[in-house]
Amino acid sequence: MFHLFSKILSLVISPYNWIVVSFLLSFVFKKQRVKFVLRIGALIGFLIFGNRALINQVYKSIEPAPLMQASIQVPYAYAVVLGGGLAHSNHNFPDRIFFNDHINRLTECMELVQSGRVNKVILSGGVGGLSRFRDIETDHMKTFLVENNWPDSTILVEANSRNTYENALEVKKILDSLHCTLKILLITSAVHMSRAEGCFRKQGIPLDTYPADYQQKDKLEYLEYINPDTKALGEWQALIHEWVGSLVYKWKGYL
């Protein structure tokens, strides 16, 4: 039930949905003043949540400082990479794996293993969406690594979890089965790291964090300060989802 609630909540808190609903409601009400307020509200919402400079500043204020690879002296026995929907298949192209913008979680881990700073990888994440037709992303992630000549023995897969809290629970089971008490390296998106770290520490897992998938830009083009960016609307939804998720997790005692 909690999983279903969290997915429905993601739709409710979407700025894009706020804007669309506000604009559509302007055609429902008959009073011109109400129509005007709703349409102006939709326009203002679009200009605010579609502003790249604003969301970039938010990213800079909330994304944690990176852990530099050169600072890692002793290799970690295990790095845990959280999925979050970064890999999927397309039955029209059965010989390929498709990745979204969060692929940096996996590529950063690949660099760490190849440079000898991590020995083995635990890929964590099952079917996180509501659709029963979604496939298991960690299977695709493992397939991608094996196809790129990674030894199967260096990859562990946890495909039961549906959210960050369950990621921590399932990884804890794996670490206990391996009798591993050493620090792991937790890899996930920078904006997601605070909630992920809290969940893993709550389960008593010793760890260091390795934020990846940074969204902030060091420089913006001049037009990005004034030209609305529709992609930013989806990014705001992800940010608000993270903030609300942290509040709900604290209320549930997951953090």
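Quick notes
- Taken over region 150-239, the percentage of Cα pairs per 10 Å bin, counting from 0 up to the bin with the maximum distance, is 13, 37, 25, 15, 8, 1.
- Only DSSP H runs of four or more residues enter the estimate; each adds -39500 (n - 2.57), and after division by the residues of the chain the mean residue ellipticity at 222 nm equals -15000 deg cm²/dmol.
- Cβ-based charge dipole, the chain, positive-most Cα from 156, 72, 49: 49
- Most fluctuating residue given options 144, 36, 98, as computed from a GNM of the chain linking Cα atoms under 10 Å: 36
- Structure note, pairs 60/173; 172/250; 172/231: Cα-Cα distances above 27 angstrom occur for 60/173; 172/231.
- Rounded to the nearest 20 debye, the dipole size of the chain about its Cα centre is 1240 debye, using +1 on the Cβ of Lys and Arg and -1 on the Cβ of Asp and Glu.
- Distance between the 7 Å Cα→Cβ label points at residue 31 and residue 61: 3.4 nm.
- The orientation-averaged shadow of the Cα convex hull for region 87-186, equal to a quarter of the hull surface, comes to 7.0 nm².
- Near residue 216: Cβ cut-off under 10 Å, other residues only, Lys/Arg at +1 and Asp/Glu at -1. The net charge is 0.
- Accessible surface area normalised per residue over region 62-211 is 49 Å², counting heavy atoms of protein chains with a 1.4 Å rolling probe.
- Three semi-axes describe the equivalent ellipsoid of the chain; taken as square roots of 5 times the Cα gyration tensor eigenvalues and ordered largest first, they are 36, 20, 19 Å.
- Cα gyration tensor shape of region 190-255, rounded if a/c is under 1.5, else prolate or oblate by comparing a/b with b/c: oblate
- Here the Karplus curve 6.51 cos²θ - 1.76 cosθ + 1.60, taken at θ = phi - 60°, turns the phi angles of region 37-45 into couplings of 4, 5, 6, 5, x, 5, 5, 4, x Hz, with x standing for Gly and Pro.
- Pair residue 178, residue 48: separation of 7 Å Cα→Cβ label points (nm): 4.5
- Taking every Cα-Cα distance in region 33-100 and sorting them into 10 Å bins starting at zero, the pair-distance distribution P(r) comes out as 13, 18, 25, 26, 12, 4, 1 percent.
- Apolar share of the accessible surface for the chain: 60 percent from carbon plus sulfur atoms, 1.4 Å probe.
The values are calculated or read from the model by the stated rules, or taken from the named source; none is laboratory data. All figures in this text were calculated on a predicted structure; none of them were measured in a lab. FYI the Cβ positions are ideal-geometry reconstructions off the backbone, even for glycines, and counts take in every protein chain you see. Just so you know, the surface numbers come from the protein's heavy atoms only, side chains and all, with ligands and any DNA or RNA stripped out. Shrake-Rupley method; radii C 1.70, N 1.55, O 1.52, S 1.80 Å.
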